[in-house]
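A quick write-up on the structure given underneath.
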Ligand SMILES: [Mg+2]
Ligand SMILES: [Zn+2]
């Protein structure tokens, strides 16, 4: 693919510390390298979108209003570091509802693409779980497993085959920065590195 136009980010365990059905703004804690990484990615001209499964709503653990309060907190923590997101897309359903938006479903990413004008194939989909990686494969994007949250678990790579493995969002920023500077136009080759 060409240099990506958007980075699609999982939320829990990828940008913020994984908490069991996080539902309160006070529980929001950015992971190391997130602010610095996102601001560098932003500076390269890429869009930043969150796509997150929030089945806690469908399970009745918290409301959409509580989720919005959490996202307000996330926006404000990122804004302090000078980072703005283009959107947060969430699935409120439980797995047994059989919706098309819950990752590995593709609807959240496709909707973001329509809203913001990017091709879902021209994305890097980042997450800490196999459902994130599978969602990225399902839209035809490049996939990156981050080794935070569930991604730090041993055996995670027996569940999924990401194109890239990164330790933090800052790692991804460094990869993208290197790729952007490459004279051939920074194409990504499956199974290997940027070329
Ligand atoms: Mg996650
Ligand atoms: Zn859904």
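The values are calculated or read from the model by the stated rules, or taken from the named source; none is laboratory data. Worth saying up front: this structure is predicted, and the values here are computed from it rather than measured. Here the Cβ positions follow ideal geometry from the backbone for every residue, glycine too, while neighbour counts run over all protein chains shown.
Among the residues of region 71-114, what is the count of those that are in a helix (DSSP H, G or I) and closer than 24 Å to residue 130 by Cα? Full working, then the answer.
The initial filter retains those residues of region 71-114 that are in a helix (DSSP H, G or I), namely 71-80, 95-97, 107-114.
After this cut, where a residue has to be closer than 24 Å to residue 130 by Cα as well, the list is 71, 74, 95-97, 107-113.
Number satisfying all stated conditions: 12.
What are the residues in region 52-70 that are part of a helix (DSSP H, G or I) and either closer than 13 Å to residue 97 by Cβ or within 16 Å of ligand 1 (Cβ to nearest atom) (or both), if any? If you could, list the steps in order and put the result at the bottom.
So in region 52-70, the residues part of a helix (DSSP H, G or I) come out as 55-58, 64-70.
Passing the criteria: 55, 56, 57, 58, 67, 70.
Could you run through region 108-145 and say how many residues are over 12 Å from residue 6 (Cβ atoms), out of contact with any helix residue (DSSP H, G or I) (no Cβ under 7 Å at 6 or more places or on another chain) and in contact (Cβ under 8 Å) with a residue 40 or more places away in the chain?
Looking only at that region, the number is 3.
At pLDDT below 95, surrounded by fewer than 17 Cβ atoms within 10 Å (Cβ to Cβ) and within 16 Å of ligand 1 (Cβ to nearest atom), is that true of residue 159? Let's see the steps before the verdict.
On the way: at pLDDT below 95: yes; surrounded by fewer than 17 Cβ atoms within 10 Å (Cβ to Cβ): yes; within 16 Å of ligand 1 (Cβ to nearest atom): yes.
Yes.
So which of 165, 169, 133 is within 24 Å of residue 42 (Cβ to Cβ) and surrounded by fewer than 17 Cβ atoms within 10 Å (Cβ to Cβ)? Break it down into steps so the answer makes sense when it comes.
Numbers: 169 fails: surrounded by fewer than 17 Cβ atoms within 10 Å (Cβ to Cβ); 133 fails: surrounded by fewer than 17 Cβ atoms within 10 Å (Cβ to Cβ).
Residue meeting the stated conditions: 165.
So, of the residues in region 115-137 that are closer than 23 Å to residue 34 by Cβ and assigned to a loop (DSSP other than H, G, I, E, B), which turns out to be farthest from ligand 2 (Cβ to nearest atom)?
118
Can you tell me which residues in region 6-30 are closer than 20 Å to residue 82 by Cα, crowded, with 19+ Cβ neighbours inside 10 Å and over 13 Å from the mean Cα position of the chain (by Cα)?
The one that is closer than 20 Å to residue 82 by Cα, crowded, with 19+ Cβ neighbours inside 10 Å and over 13 Å from the mean Cα position of the chain (by Cα): 28.
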